[in-house]
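A short write-up of the structure that comes next.
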Amino acid sequence: MPSQIWIRRQLVGFDRVTPTVLCWETHSAADEWRQGFELIQLTTPFVFDRGKSRWLHRARHLLDGNHYAAPAREAKLIRQHLERTKPKAILCHFGYSALRVLPEASRLSIPVIAHFHGLDLSSGLRNRWYRDSLLKYLDRFAQIVTVGSHQKTWILEQGIAPEKVHLIPCGVPVAEFTPPPETLEEKTNTESFAFVLTSRLVDWKGVDYSLKAFAEVAERHAAVRLHIIGDGEETENLKALANELNVADRVVFHGSQPPEFVHEQMRRSHAFLQHSLDHHTGWNEGFGVSITEASSTELPVVVTRCGGIPDQVVDGETGFIVPQRDVSAMAAAMGRLVEDRALARRLGVTGRKHVSEHFDTADQVRKLERVVLEAIGD
């Protein structure tokens, strides 16, 4: 998916590994990502948690306990592709995919690296069929990668050997997000103050809380603006909320945009917002790529303490971490940035330095490649 740009960054960043990509569906917006790699697309995937056929699938796997294994027809296709391409290892993004591929990989003695991200170690665990399958087969993976320290802790609590578990955030290519000097000068000399928010517009991203906090700030500061980049099921509700809060004329909904647009808007903004929530479904943030992109662009960030976000943001040094669902606390942090440009600038500069030292994509991909090579025995 276009939102999973870290996959492309890993593919082009590998040095000693030559990847072949196996997927279930592709998105036209990501066509340019495919250049230079063999891409194998399987048929439309079997849906494990809906429809009558799921019960037959579960019954077939009562003995082996992997209810997320590929169904017979798909397993045959996977096996054929593996026999043809002869991979030395398989890196599976998301736990669901790792369980799906594991049986055929095991039959061919190919090690599987399970790379967890977010849903697969949060709300996904509410599904007993997925949870039970994962717990039974977790130690069958050759290596395990998580993007947040909270995820690594959970994996270790399941009794997995520490040497098999690796914390490797997705990161961001810092060099691509360097703000040009003229943009920094332009932002410094203007009276206006622009906040930017880039996210899927779904309820667990808490965009409504960000809007309410912005409305509080807008009551005290006439020159503030909010740019919202992204789309989702909450779009119309959020537009209605902006009208209700009387800030519709200061909020721009840009919709879904390509990375280049996001980068440029970040460069022209003064601060970044993300109010992620521990959702009632069990979801929490794995690694907020957009947060790190913003910090790399020298933006101070105002975020919530959710999932892996505290791994990324140093409260009071690279931005502010506020309690979830606390509109007043978020508005207060935003107001401090508007009223103290020197503080905002200092947090932004420190944020970029922090990202450069800890989250540069090149470093993260090298770590991931070492994990792959370790699984191979190289």
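Residue-by-condition table, conditions (1) assigned to a loop (DSSP other than H, G, I, E, B); (2) surrounded by 14 or more Cβ atoms within 10 Å (Cβ to Cβ); (3) out of contact with any Ser or Thr (no Cβ under 8 Å at 6 or more places or on another chain); (4) at pLDDT below 95:
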{"residue": "Glu163", "(1), (2), (3), (4)": "no, no, yes, no"}
{"residue": "Glu182", "(1), (2), (3), (4)": "no, no, yes, yes"}
{"residue": "Glu191", "(1), (2), (3), (4)": "yes, no, yes, yes"}
{"residue": "Ser210", "(1), (2), (3), (4)": "no, yes, yes, no"}
{"residue": "Ala218", "(1), (2), (3), (4)": "no, yes, yes, no"}
{"residue": "Leu238", "(1), (2), (3), (4)": "no, yes, yes, no"}
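In the stretch 336-359, the residues that are in contact (Cβ under 8 Å) with a residue 24 or more places away in the chain and of a type in the set (Ser, Thr, Tyr) form Cβ pairs under 7 Å with partners that are surrounded by 17 or more Cβ atoms within 10 Å (Cβ to Cβ) and part of a helix (DSSP H, G or I), at six or more places apart or across chains, as follows: Ser356/Val174.
The residue list Glu293, Glu298, Glu285 contains one member that is in contact with a Lys or Arg (Cβ under 6 Å, 6 or more places away or on another chain) and crowded, with 22+ Cβ neighbours inside 10 Å, which is Glu298. In the list Leu337, Leu343, which residue meets the criterion of being open to solvent by less than 20 Å² (accessible area, probe 1.4 Å), over 16 Å from the mean Cα position of the chain (by Cα) and over 19 Å from Ala213 (Cα atoms)? Result of the check over Leu337, Leu343: Leu343. For beta carbons closer than 6 Å, sequence separation of 6+ or different chains, a first residue in the stretch 3-19 that is in contact (Cβ under 8 Å) with a residue 12 or more places away in the chain and of a type in the set (Gly, Ala, Ser) and a second that is surrounded by fewer than 17 Cβ atoms within 10 Å (Cβ to Cβ) and assigned to a loop (DSSP other than H, G, I, E, B), there are no qualifying pairs.
Taking (1) of a type outside the set (A, V, I, L, M); (2) closer than 29 Å to Ile5 by Cα; (3) in contact (Cβ under 8 Å) with a residue 24 or more places away in the chain; (4) touching a helix residue (DSSP H, G or I) at 6+ places or on another chain (Cβ under 8 Å) in turn, Cys92 satisfies each apart from (3).
The values are calculated or read from the model by the stated rules, or taken from the named source; none is laboratory data. Being a predicted model, the structure only gives us computed values, none of them experimental. FYI the Cβ positions are ideal-geometry reconstructions off the backbone, even for glycines, and counts take in every protein chain you see. Heavy atoms of the whole protein, side chains included, go into the accessibility calculation; ligands, DNA and RNA do not. Shrake-Rupley method; radii C 1.70, N 1.55, O 1.52, S 1.80 Å.
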